[in-house]
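Working notes, beginning with the structure itself.
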Amino acid sequence: MSAERKPVLDLDVSAARKDFPALHQEVHGKPLVYLDNAATTQKPTAVIDAIDRFYRLDCSNVHRGVHELSERATKAFEEARTSVKRFINARTEREIVFVRGTTEAINLVANSYGRSHLKAGDEILISALEHHSNIVPWQLLSDQVGTRLVAAPINDDAELMLEEFERRLGPNTALVAVAHVSNALGTVMPVQEIVRMAHDRNVPVLIDGAQAVSHLRVDVRELGCDFYAFSGHKVFGPTGIGILYGREDLLDRMPPYQGGGDMIRSVTFEKTTYNELPYKFEAGTPHIAGAIGLGAALDYLSRLGIDHVTDYERGLLAYGTELLESIRGLRLIGTAREKAAVLSFVLEGIHPHDVGTVLDRLGIAVRTGHHCAQPVMARFGVPATTRASLAFYNTKAELDALADGIRQVQQWFKL
Ligand code: PLP
C-alpha cells in the first residue's frame, strides 16, 4: 500500500451512505442492513445518474455513427475505459477490454490464450480457495487441450501455503490463476509474492480481482500481473459489465475470443483481418450503459479515496470479528491475518439457510450457501456458511444488529 496514505477518519460514512438510495429502505418492517456486498454492491446516485443520462439523452451505438448522439455515446464509452485504466493504473486503454464480468474475462483468457498458447501436459496452477469461475474454465480447457489443473493448499486459517504453492510451480506450469481476495472467506492472497515466484520461472499470472477492487488499491503495474479480471457490479457499478486487463504484448499475441461486428478491420469471404486492441476482443454491440456506469462507479470510489475505504473497513472487520467471536456456538471460517471485510461463519446445530432466513425477517441481508466455492467449503468440512460481507457504507451499528440477530436466531432454535 502506498506510503502517502491519508488518515482513517477522512471517510465520512454517514455522508457516503446518503449516496446510496437502496440503503434507506425498510425490509419486513425493519431498516435494511445490507451485508451481502460480496454477491453484489449497491449503486450510488452517481452511477444511476450516468446510466439514466445515457438512456435519456445520449442513447446510440458506439464507434459507428457520424451523428451527434453516436459521437456522445462513443465519447462517454471511451472515457469510461480511461477511468478504468486510471483506476487500476494500466499503461494504456489498449489493455482494457470490456467484458460481461469476471467470469467472461477468465473464460476469454482460457479460450484465447489457453487454446493458442497451452498444450497437453501443461499445468495451470490455482489455489484451493478459488471461486468456481476460476476453476471451471480451466477444466473446460483441460477437456479441450489436455492441460492439467493443480490446486495449491491453504492452511486452517484459509491462508495460502506459499511453500506448497512454490513447490507446485514446476517445469510444466504454464499459467498461474489466483484470486486476489477470497469471496467465501475474505483471505487477501499474497499476490505480489505469487507474481514474483511465477515470473522467476517465466510463468504468466492471471489474478481474479472480483473481490479486491472494492476494498483495496489495485495497481496492475505494481502487481506486475499479466491479466487482471473484475466485475462492475461488485465495485458499485452495474451488472453485465466487467474488465479484463491484459498486458498489451500478450493481448496482441492472442487470437480473438468471439467474432462479429467491431472486432474486425476488413472482412471478405476469403479472409478477415482484426481490429486493433482492445476492440479485437469486443465483438458485437457492447454494454454501453454498463461501461459508462462502471466508469462513474470507479470515479466515485476514487473521489472517496480507496485507501480510506481500506482503513475504514479494517476497523469494521476487527469490530465485527470480535463481536461474532463472543457468540457461543459460532465458528468463524476464514481467519487469515490478511483479510478483507468478510465474516463467514457456521452456527452449531443450525443450518446456514435457516440463519439467513431468520436474519432476513429482521431486515438483515446476508448470503448463505457454498458461495460458488465448493472446494473451499469441503476443505473446512462444511457444506455451507452464512456470510456477512461488508462495504465502506456499513457501520458498527449494523454489525451490532447482525450480532443481535444471530442471538435471536439461536433463541428461535432454542440453542
Ligand atoms: N471470482 C470471485 C472471487 C467472485 O467472488 C465472483 C463472484 O462472486 C466471480 C469470480 C464471478 O463474478 P461474476 O459472476 O460477476 O462474473
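The values are calculated or read from the model by the stated rules, or taken from the named source; none is laboratory data. Just so it is clear, the structure is predicted and the values come from calculations on it, not from any experiment. Virtual Cβ from ideal backbone geometry, glycine too; neighbours counted across all protein chains shown. The accessibility values were calculated without ligands, DNA or RNA, using every heavy atom of the protein model including side chains. Shrake-Rupley method; radii C 1.70, N 1.55, O 1.52, S 1.80 Å.
Which residues, counting only those in segment 263-285, are charged (D, E, K, R) and under 18 Å from GLU104 (Cα atoms)? Passing the criteria: LYS280, GLU282. ILE207: within 25 Å of SER112 (Cα to Cα) and outside the structural domain of ARG314 (by TED's automatic domain parsing), yes or no? Yes; evaluated as a whole, the condition is true for this residue. Residue count for segment 80-91, restricted to those that are more than 13 Å from ASP219 (Cα to Cα) and not aliphatic (A, V, I, L, M): 3. Need pairs with beta-carbon distance below 7 Å; first residue without any contact (Cβ under 8 Å) to a residue 12 or more places away in the chain and within segment 66-84, second open to solvent by 80 Å² or more (accessible area, probe 1.4 Å); sequence gap 6+ or separate chains. Within 7 Å, the pairs are SER70/ARG64. Inside segment 79-119, residues that are more than 16 Å from the ligand (Cβ to nearest atom) and either outside any helix (DSSP H, G or I) or more than 22 Å from the chain's Cα centre (by Cα) (or both) make up a count of 10.
Against the test of being in contact (Cβ under 8 Å) with a residue 60 or more places away in the chain and under 20 Å from the mean Cα position of the chain (by Cα), the options LEU304, LEU323, LEU277 yield a single qualifying residue, LEU304. Just one of the listed residues (ARG247, ARG221) is open to solvent by 10 Å² or more (accessible area, probe 1.4 Å) and either touching a helix residue (DSSP H, G or I) at 6+ places or on another chain (Cβ under 8 Å) or closer than 22 Å to GLU130 by Cβ (or both), namely ARG247. Report yes if PHE230 is among the hydrophobic types (A, V, I, L, M, F, W, C), buried (at least 23 other Cβ atoms within 10 Å of the Cβ) and assigned by TED's automatic domain parsing to the domain that holds GLU95, otherwise no. Spelling it out, PHE230 is indeed among the hydrophobic types (A, V, I, L, M, F, W, C), buried (at least 23 other Cβ atoms within 10 Å of the Cβ) and assigned by TED's automatic domain parsing to the domain that holds GLU95. Take ASP219 and tell me if it is within 18 Å of the chain's Cα centre (by Cα), over 27 Å from ARG115 (Cβ atoms) and away from the ligand (no atom under 16 Å from the Cβ). For ASP219, the condition - within 18 Å of the chain's Cα centre (by Cα), over 27 Å from ARG115 (Cβ atoms) and away from the ligand (no atom under 16 Å from the Cβ) - is met. Restricting attention to segment 337-350, the residues being of a type outside the set (Lys, Arg), under 20 Å from ASN183 (Cα atoms) and surrounded by fewer than 21 Cβ atoms within 10 Å (Cβ to Cβ) number 1.
Taken as a whole, segment 164-176 holds no residue that is within 15 Å of the ligand (Cβ to nearest atom) and either part of a helix (DSSP H, G or I) or modelled with pLDDT of 95 or more (or both). Could you say whether any residue in segment 245-255 is acidic (Asp, Glu) and more than 29 Å from GLN192 (Cα to Cα)? Looking for residues that are acidic (Asp, Glu) and more than 29 Å from GLN192 (Cα to Cα), one finds none in segment 245-255, hence no. Considering only residues that are among the polar types (S, T, N, Q) and assigned to a loop (DSSP other than H, G, I, E, B), look in segment 19-65 and name the one that is nearest to the ligand (Cβ to nearest atom). Filtering first and then ranking leaves THR40.
Tell me which residues, restricted to segment 138-182, are β-branched (Val, Ile, Thr) and over 26 Å from GLU222 (Cα atoms). Correct list: VAL145, THR147, VAL150. On the stretch given as segment 122-154, residues that are in a helix (DSSP H, G or I), within 16 Å of the ligand (Cβ to nearest atom) and touching a helix residue (DSSP H, G or I) at 6+ places or on another chain (Cβ under 8 Å) total 6.
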